[in-house]
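Below is one structure; the comments refer to it alone.
The values are calculated or read from the model by the stated rules, or taken from the named source; none is laboratory data. Only a predicted model underlies this, so the values are computations on that prediction, with no experimental measurement involved. As a convention, Cβ positions derive from the backbone with ideal geometry for all residues, glycine included, and neighbour counts pool all protein chains shown. Only protein heavy atoms, including side chains, enter the accessible area calculation; ligands, DNA and RNA are left aside. Shrake-Rupley method; radii C 1.70, N 1.55, O 1.52, S 1.80 Å.
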Amino acid sequence: MANTSQKRFSEKGRSPAPPARNSSSGKASNKKSYASEGVKDNDIFLLPAFDYQVMAFMTVLAAAVRLFRIYQPTSVVFDEVHFGGFASKYIKGKFFMDVHPPLAKLLITLAGWLAGFDGKFDFKDIGKDYLEPKVPYVAMRMLPAVLGVLTIPTMFLTLKAYGCKTVTAAMGTALLIFENALTTQSRLILLDSPLLICTAFTALAWTCFNNQHELGPERAFDPTWWFWLAATGLGLGATVSVKWVGLFTIAWVGSLTILQLWVLLGDTENVPARKWFKHFFARVFCLIIIPMAFYMGMFGIHFLCLVNPGDGDGFMSSEFQATLNNKGMADTPADVAFGSEVTIRHHNTQGGYMHSHAHMYPGGSKQQQVTLYPHKDENNIFLLENQTQPVTADNVTVTGPRAWSNTTDLIKNGDVIRLYHLTTHRRLHSHDVRPPVTEADWQNEVSAYGYEGFEGDANDMFRVEIVKSLSDGDVAKERLRTIQTKFRLIHIMSGCALFSHKVKLPDWGFEQQEVTCAKQGTLPNSIWYIEQNFHPTFGPDAEKVNYRNPGFLGKFWELQRVMWRTNKGLTESHAWDSRPPSWPTLRRGINFWGKDHRQIYLLGNPAIWWPSTLAILAYVVFKAVAVLRWQRSCNDYSSVNFKRFDYELGQTVLGWAFHYFPFYLMARQLFLHHYLPALYFAIMALCQLYDFFFNRIRSFGMKEVPAIGNTVAALFVLFAVFIFTLYAPLTYGNTWTKDACRSVKLIDTWDFDCNTFHDDYSKYSTPVSVAFDGATPTSSPVAAGSSEAMPKEAVTPKKQDDSKVVGREESVEYRDQDGNLLDDEAVKALVKEGKAKFETKYETRTRVIDEAGNEVPAVAPDHPDIQGQNPDTKGIPEAKGKSQPANAKAESESLEGERKAKAQPASDANEATR
């Protein structure tokens, strides 16, 4: 054993494949096995010391590049709106719904919590300041940044596990370090950096395991073999726990695993059936069970953290919501009778409870609104009346809605009922009037109609139609049972069904969900059930029911379904989205942030991006030619290097394909950053192509002259670094000039706005002026005391009553949508390009001076915003009113003439949190 270790060290970590087990027999030694020809033991734990030194140096360099000015900008950037906001909700324990699994968000939350983040900052808008509320945003950004740095040694070790030279591994790490898009993504509170390190670790673990597998049957099931197989499963679990893009990584490893098992099946000499099943179940355990356990474990932590109701619980079922604090309810009577006071919930949309309030529709019948409301409220309570009043034994009709208080007539399938709203004394009502929002011929308005003492009319009557396929239990299929019975309410006069769908009413309806009566409504949207039930005759011994506790598995599967459905629903266009065909050629980036004449724009390094795409194309061409030559019985595959090139590079290109082509099947919003995992594989393929050309294949003549290959690698890296520096202002949000920006805008579809920047760097030393929310010319008198703007006592101290106006000046300023001051050239450029419109806002600025000409500080009353919005004034929320000035916005349009140039967060989580 000691001799073997010494030999492996002497071979620089590459020992030859071990001999056959029956090495004493020449005949046995010639037997074929599934071991691959030309494969050496590329153990990454046995590399020469120099390799580790190079790797450490590149890692330190990556840290310097990725962490440079990580505090910049000091405000919310792009999807920090979402993922910073989720950290806030984790700390508060408020349930939210997001389309991504929780691992990366939990790690970001942990980083913020350890740094003292209390969750009070909401990350609501791009550009919202971090400094004043003292948000530990740098610590939260450090988590993705450190994970981004870790991709550097991971790439180095992966290339070494493939058998590449040290110079190739160093080149690969350098290309990762100086790739602008990867640098930008890793410096912000985003999920792509955690996703990339998990993907890279999985690729490393699989490559190491595959290397052990290719060494032959002697390495099967030894500790190293098990270690890397289990590590691969762990990496798969982590990757899919960050984003569902990890499913593409699973598909990549799964396809290669099937290939391995197929090859093993053909080696009848070394792999009998029993051993083949051992291989099979080892892979099942490590590559299926371990990832699933890890993934489900992350959701277990997710549920433990989010125990309070939040803005995401409306996406979940009532059973799910009942597991949250303050959302559970006491047991309620099971049977429902005439005279029961009930709350009725919609089954399909989780929109909430049937609800009415003392506000009228502005159009249509102008009767009282009926809506779906997501929270418990006394306005949700309806009393169930029979269509006729009860009669006593003395033949006396009992009047009023409480007439059934002493009866226990249970409501059965087919019974006709009326729904009396207790707080407003009106009954649920429908008629042949179009709804206020969904003005379709097959939809009728639903309102609350009547007054206290009114006996009602025929349009108040609904027939109970139990949906037996959805009702729980035989009894619940025959009569109304709380929670267990799912039913429809059919309007007697028109035949329409009480209906609700995901359509919100305008402000006059408080943005609650619309309720209508649909003549052709879909079944799921017309199904209701009773959640709470009270009847005076039901005592404490009455049969009671409650929601079933779904348990962990029930909550887990429900959340997966909701995530999938929400993800599919993200189909709205976005100002900065793009489609997969444009990604390999880097046709368009993403505007992340813009403020103070600076901009962050996600754009790759074309010196790295385009060659990596060419490397993929080169392999595709090679494979096509190789297949044709194989069909023509050419003997190319007799060459070891030819086979290794095809398999090793093909494995990487397959990883690229699995992380790229599935996006063509998606109709949802997509962005350039979705290509980054595929880019990682493309860069790796480029490095492997270089290594085979310069270091492995003798026929090219480069292997004997390593200086040529080293020089080419160095020049290529230097060129990539140079290009990186050209676009660094967009990566870091640094100062830049218009001319420098325009000089590197190689493609018209790169729509970062060069007019954002100053003409020269000296202007960046000027303090930033107060920003306005539009490109607005401002008339600003700056000399002394103008009584036209405000009362004299508001601008002049009383002790300076003898002050007088000594001059008045007027000037015009132009500002962009971020409040940045624009010079005349910038304004002319915007007008010429048709990218802006201008609206005027007048502003008066007053200076008070004494007789000697010295400026005197003015005493002015508090601005109205300090006292807050008048509570009697309806309109924009107070917080929004404070954050937005009163002037109109000027919209900048893109080359397509439709997209706004302002940075916007992606909608990955928007639908789930709005």
Residues of the stretch 624-678 classified as within 30 Å of Y601 (Cα to Cα) and part of a helix (DSSP H, G or I), total: 19
Residue among R434, R427, R418 that is assigned by the TED database to the domain that holds K519 and part of a loop (DSSP other than H, G, I, E, B): R434
From the options F681, F658, F663, F722, residue that is within 23 Å of the chain's Cα centre (by Cα) and open to solvent by 30 Å² or more (accessible area, probe 1.4 Å): F658
Filter pass, W206 being aromatic (F, W, Y) and either surrounded by 24 or more Cβ atoms within 10 Å (Cβ to Cβ) or not assigned by the TED database to the domain that holds H100 (or both): yes
Some residue of the stretch 665-682 being modelled with pLDDT of 95 or more, under 14 Å from A618 (Cα atoms) and of a type outside the set (F, W, Y): yes
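What do you reckon, is D125 farther than 30 Å from T711 by Cα, open to solvent by less than 10 Å² (accessible area, probe 1.4 Å) and not in a helix (DSSP H, G or I)?
Details: farther than 30 Å from T711 by Cα: yes; open to solvent by less than 10 Å² (accessible area, probe 1.4 Å): no; not in a helix (DSSP H, G or I): yes.
So D125 fails the test.
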Complete set of residues in the stretch 257-292 that are in contact (Cβ under 8 Å) with a residue 24 or more places away in the chain, more than 17 Å from W226 (Cβ to Cβ), over 31 Å from the mean Cα position of the chain (by Cα) and in a helix (DSSP H, G or I): V263, G266
Exclusive hit being touching a residue at least 24 places away in the same chain (Cβ under 8 Å), among the small types (G, A, S), open to solvent by less than 20 Å² (accessible area, probe 1.4 Å) and touching a strand residue (DSSP E or B) at 6+ places or on another chain (Cβ under 6 Å), set A542, A518: A518
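Kindly indicate the residue of the stretch 577-589 that is crowded, with 17+ Cβ neighbours inside 10 Å and not basic (K, R) and also nearest to P606 (Cα to Cα) among those meeting that condition. Full working, then the answer.
Residues of the stretch 577-589 that are crowded, with 17+ Cβ neighbours inside 10 Å, as a first pass: 577-578, 580, 583-584, 586, 588-589.
Now narrow it down to the ones that are not basic (K, R): 577-578, 580, 583-584, 586, 589.
Working: D577: 19, S578: 17, P580: 17, W583: 12, P584: 10, L586: 7, G589: 12 Å.
Here the answer is L586.
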Test: residue in the stretch 421-441 that is of a type outside the set (K, R), closer than 13 Å to F338 by Cα, at pLDDT 90 or above and open to solvent by less than 30 Å² (accessible area, probe 1.4 Å): no
Filter result for F454 (of a type in the set (F, W, Y) and buried (at least 17 other Cβ atoms within 10 Å of the Cβ)): no
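Of all residues being at pLDDT 85 or above and not in a strand (DSSP E or B) in the stretch 331-350, which is surrounded by the fewest Cβ atoms within 10 Å (Cβ to Cβ)? Just the residue, please.
Restricting attention to the stretch 331-350, the residues satisfying the condition of being at pLDDT 85 or above are 331-347.
Filter again for not in a strand (DSSP E or B), leaving 331, 334, 336, 338-340, 347.
Details: D331: 12, A334: 22, V336: 24, F338: 22, G339: 24, S340: 26, H347: 21.
Among residues in the stretch 331-350 that are at pLDDT 85 or above and not in a strand (DSSP E or B), the one surrounded by the fewest Cβ atoms within 10 Å (Cβ to Cβ) is D331.
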Filter result for T183 (among the β-branched types (V, I, T), more than 21 Å from L47 (Cα to Cα) and in a helix (DSSP H, G or I)): yes
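Considering only the stretch 161-168, I want to know if a residue exists there that is assigned to a helix (DSSP H, G or I) and open to solvent by 10 Å² or more (accessible area, probe 1.4 Å). Even if it seems obvious, please write down each step before you answer.
So in the stretch 161-168, the residues assigned to a helix (DSSP H, G or I) come out as 161, 166-168.
Narrowing further to those that are open to solvent by 10 Å² or more (accessible area, probe 1.4 Å): 166-167.
Yes: one or more hits.
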Hits in the stretch 699-719 (condition: without any contact (Cβ under 8 Å) to a residue 12 or more places away in the chain and either within 33 Å of the chain's Cα centre (by Cα) or assigned to a helix (DSSP H, G or I) (or both)): S699, F700, A707, T711, A714, L715, L718
Filter result for K376 (basic (K, R) and exposed (fewer than 13 other Cβ atoms within 10 Å of the Cβ)): no
Checking G551 against (1) touching a residue at least 40 places away in the same chain (Cβ under 8 Å); (2) over 30 Å from Y660 (Cβ atoms); (3) surrounded by fewer than 23 Cβ atoms within 10 Å (Cβ to Cβ), the condition it does not meet: (1)
Answer from I126, I108 - the residue that is among the aliphatic types (A, V, I, L, M), out of contact with any Pro (no Cβ under 7 Å at 6 or more places or on another chain) and in contact (Cβ under 8 Å) with a residue 40 or more places away in the chain: I108
Selection status of K366, open to solvent by 60 Å² or more (accessible area, probe 1.4 Å) and of a type in the set (K, R): yes
Residue selected from the stretch 554-576 under the condition open to solvent by 30 Å² or more (accessible area, probe 1.4 Å) and in a loop (DSSP other than H, G, I, E, B), by the criterion nearest to F320 (Cα to Cα): G569
Residues satisfying the stated conditions in the stretch 457-480, i.e. open to solvent by less than 20 Å² (accessible area, probe 1.4 Å) and not hydrophobic (A, V, I, L, M, F, W, C): D460, S471
All positions within the stretch 487-517 that are part of a strand (DSSP E or B) and within 15 Å of L428 (Cα to Cα): R488, L489, I490, H491, A497, L498, F499, S500, E514, V515, T516, C517
Some residue of the stretch 227-248 being of a type in the set (G, A, S), over 28 Å from L67 (Cβ atoms), touching a Lys or Arg at 6+ places or on another chain (Cβ under 9 Å) and open to solvent by 10 Å² or more (accessible area, probe 1.4 Å): no
